[in-house]
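Quick notes on the structure that follows.
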Amino acid sequence: MENNKEYTIGSKVQMKKKHPCGGEIWEVIRLGADIKIKCLNCGRSLFIPRIDFNKKIKKIIIEEGK
């Protein structure tokens, strides 16, 4: 797994574990020492420390046209 993850505000990411609602795609809302992500299935958002986020991320979803 690569250490240099390329994500910014608005990036869509897939995490290793699914959210309890069944969603697996998240949107990055805020960057800093903690990362705020929002589930695109149910709309719930949460803060994750950046170190944990980098461990739990599975892949960054690249959208066409960007």
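Throughout, read-outs are computed from the coordinates displayed, never taken from laboratory work. Worth saying up front: this structure is predicted, and the values here are computed from it rather than measured. Note that we place each Cβ from the backbone using ideal geometry, even for glycine, and neighbour counts take in every protein chain shown.
Exactly one of (1) of a type outside the set (S, T, N, Q); (2) touching a helix residue (DSSP H, G or I) at 6+ places or on another chain (Cβ under 6 Å); (3) part of a loop (DSSP other than H, G, I, E, B) is unmet by I35. Its number?
(3)
Quick test for you: out of K58, K17, pick the one residue that is out of contact with any Leu (no Cβ under 7 Å at 6 or more places or on another chain) and touching a residue at least 40 places away in the same chain (Cβ under 8 Å).
K58
Looking at segment 29-41, I want the residues that are without any contact (Cβ under 8 Å) to a residue 24 or more places away in the chain and farther than 17 Å from K55 by Cα and have a partner that is among the aromatic types (F, W, Y) and buried (at least 17 other Cβ atoms within 10 Å of the Cβ) with Cβ atoms under 9 Å, at least 6 apart or on another chain. Which pairs are those?
K38/W26; C39/W26
When the residues of segment 40-55 are filtered to those that are in contact with a strand residue (DSSP E or B) (Cβ under 6 Å, 6 or more places away or on another chain) and not in a loop (DSSP other than H, G, I, E, B), which remaining residue is surrounded by the most Cβ atoms within 10 Å (Cβ to Cβ)?
Of everything passing the filter in segment 40-55, F53 is surrounded by the most Cβ atoms within 10 Å (Cβ to Cβ).
Output yes when any residue across segment 10-26 is exposed (fewer than 13 other Cβ atoms within 10 Å of the Cβ) and under 15 Å from I62 (Cβ atoms), and no when none is.
yes
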